[in-house]
Amino acid sequence: MKEFIKNYEIWIFLVLGPFSNLFFVKARIEGLISSSVYNTGRFCILLFILICILKYTRGNKGIKDLFKPMLNWKVHPKWYLLCFVFPTTIALITLVLKAFYNDVEYSTFIVFSKTSLRGYVANLVWAFLGEVVWVSYCIRELSKIVKPFYASQIIAVFWTLWFIPIILLGEGIYPEIPILPALIFFMGIAGMCAFVYKHTKSGICVLFLQSMVNLTAISLPMMPTYGGAPTYTAFATLYFLTMLGIWGLEYIVVKNKNQGQELRINSEVEL
């Protein structure tokens with residue numbers, strides 16, 4: 001039994017994660033748990049399940065490895081800069097395009113939403129828990145059997161499945177979020193997380209990126225509640241397409257570099 005769980009560890013967790021959240025959300029609907037317990041508990045129970053699995057299959061070392069990327073903060077400043085500006089830049093471009101489409105001044109849509117300090121702190125905590133589970137573990141483990149980009153898109157599907165009951169309940173999340181655009185958004189988010197993690201192996205860097213995504217989403221009118229569903233859809237789509245462009249550009253650069261090396265080797269052989 002232990003050998004089976006160890007061999008299919010990642011897939012067992014990916015199934016248990018959304019499945020357990022379905023019951024957790026159901027408990028909130030029935031009034032069995034309070035709103036405060038629900039808001040943070042949904043992330044904690046996800047991490048708890050993962051820790052239990054790792055404890056069973058790998059012991060304490062597996063748990064230590066789970067949090068190890070959070071200690072790696074010594075990366076080139078350009079990655080912190082990318083994480084800092086990327087989400088906000090995509091959001092601002094979305095608002096500029098919205099203004100252009102509606103033929104109004106773009107400043108009309110640059111309105112900061114009112115969010116309490118407690119809300120920002122909560123989003124930071126949720127970003128931390130999400131980074132540990134979905135990136136430090138899931139994307140890292142799947143990257144051992146598939147390329148990081150494909151690993152990120154697989155995770156995006158399960159990440160969305162985990163969120164769907166929360167979206168349908170509409171508590172602890174902005175209401176009226178359309179599910180298909182949410183999937184596209186998570187594909188973009190997971191793809192960027194995988195790109196940053198691939199090059200930095202830093203959980204801190206990914207946490208910074210995730211925090212900026214949350215900060216942008218709750219500060220600028222990106223969510224349906226403040227900007228409307230079309231704005232959220234445009235933001236999600238633009239985020240996803242930009243992520244694809246970044247991965248595609250890297251693929252072209254690496255391919256050309258490899259071809260250049262092959263030509264150089266062939267030339268040396270001929271000489």
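The values are calculated or read from the model by the stated rules, or taken from the named source; none is laboratory data. Computed from a predicted structure; not experimentally measured. Cβ coordinates were reconstructed from backbone atoms using ideal geometry, including for glycine residues, and neighbour counts include every protein chain displayed.
Tell me, please, whether a residue that is farther than 30 Å from PRO230 by Cβ, charged (D, E, K, R) and loosely packed, with under 15 Cβ neighbours inside 10 Å can be found in the range 76-85. Looking through the range 76-85, at least one residue is farther than 30 Å from PRO230 by Cβ, charged (D, E, K, R) and loosely packed, with under 15 Cβ neighbours inside 10 Å. Could you tell me which of the residues PHE13, PHE19 is under 25 Å from the mean Cα position of the chain (by Cα) and touching a residue at least 60 places away in the same chain (Cβ under 8 Å)? Going through PHE13, PHE19 in turn, just one is under 25 Å from the mean Cα position of the chain (by Cα) and touching a residue at least 60 places away in the same chain (Cβ under 8 Å): PHE13. When the criteria are applied in full, ILE45 fails the requirement of being surrounded by 13 or more Cβ atoms within 10 Å (Cβ to Cβ), among the hydrophobic types (A, V, I, L, M, F, W, C), touching an Asp or Glu at 6+ places or on another chain (Cβ under 7 Å) and farther than 18 Å from LYS144 by Cα. Apart from one condition, LEU47 fits all of (1) more than 21 Å from the chain's Cα centre (by Cα); (2) closer than 15 Å to VAL125 by Cβ; the exception is (1). Residues that are touching a residue at least 60 places away in the same chain (Cβ under 8 Å) and either more than 12 Å from the chain's Cα centre (by Cα) or on the phi > 0 side of the Ramachandran plot (or both) within the range 183-199 comprise just one, HIS199.
Within the set VAL111, VAL157, VAL132, the sole residue that is of a type in the set (A, V, I, L, M, F, W, C) and either at pLDDT 95 or above or in contact with a Ser or Thr (Cβ under 9 Å, 6 or more places away or on another chain) (or both) turns out to be VAL157. The set of residues from the range 183-204 being outside any helix (DSSP H, G or I) and crowded, with 19+ Cβ neighbours inside 10 Å comprises just one member, SER202. From the list LEU180, LEU207, the lone residue that is free of Cβ contacts under 8 Å to residues at least 24 places away in the same chain and either closer than 24 Å to ARG28 by Cβ or part of a helix (DSSP H, G or I) (or both) is LEU180.
Within the range 249-259, is there a residue that is basic (Lys, Arg), in a helix (DSSP H, G or I) and within 16 Å of the chain's Cα centre (by Cα)?
Among the residues of the range 249-259, not one is basic (Lys, Arg), in a helix (DSSP H, G or I) and within 16 Å of the chain's Cα centre (by Cα), which makes the answer no.
The residue pairs whose first member lies in the range 134-153 and is more than 22 Å from THR242 (Cβ to Cβ) and without any contact (Cβ under 8 Å) to a residue 24 or more places away in the chain, whose second member is small (Gly, Ala, Ser) and crowded, with 21+ Cβ neighbours inside 10 Å, and whose beta carbons are closer than 9 Å, counting only pairs six or more residues apart or on different chains, are LYS144/ALA151; ILE145/ALA151.
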